[in-house]
């Protein structure tokens with residue numbers, strides 16, 4: 001999967017994607033409950049406004065220390081962009 005430019009231009013999609021990526025990484029790190037939520041929140045806010053996916057991908061690579069490759073992380077981010085767009089679209093339909 002290729003990275004999606006929407007994450008670069010829509011801050012709502014980027015934040016949602018980063019929060020979802022944080023929850024995914026938290027699970028791989030064995031974090032549960034509030035610790036997982038805190039990790040995801042920190043990841044989403046730390047990289048808010050980043051010009052591209054590279055900072056969040058490198059952050060995850062560092063935190064996950066060999067559990068997954070950079071390629072796997074970038075694929076996951078690309079997948080989560082699509083999921084974030086779907087969720088936000090669905091939430092918009094409910095309003």
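The values are calculated or read from the model by the stated rules, or taken from the named source; none is laboratory data. Quantities reported herein were computed from a predicted structural model and do not represent experimental measurements. Glycine gets a Cβ as well: all are built from the backbone with ideal geometry, and neighbour counts include every protein chain shown.
Structure notes:
- Hits in the stretch 59-91 - residues which are touching a residue at least 24 places away in the same chain (Cβ under 8 Å) and more than 22 Å from residue 11 (Cα to Cα): 63, 64, 67, 68
- Among residues of the stretch 8-25, those that are without any contact (Cβ under 8 Å) to a residue 24 or more places away in the chain and either within 11 Å of the chain's Cα centre (by Cα) or over 22 Å from residue 85 (Cβ atoms) (or both), counted: 2
- Residue pairs meeting the criteria (Cβ under 8 Å; at least 6 apart or on separate chains; first at negative phi and modelled with pLDDT under 90, in the stretch 44-58; second surrounded by 13 or more Cβ atoms within 10 Å (Cβ to Cβ) and not in a helix (DSSP H, G or I)): 52/3
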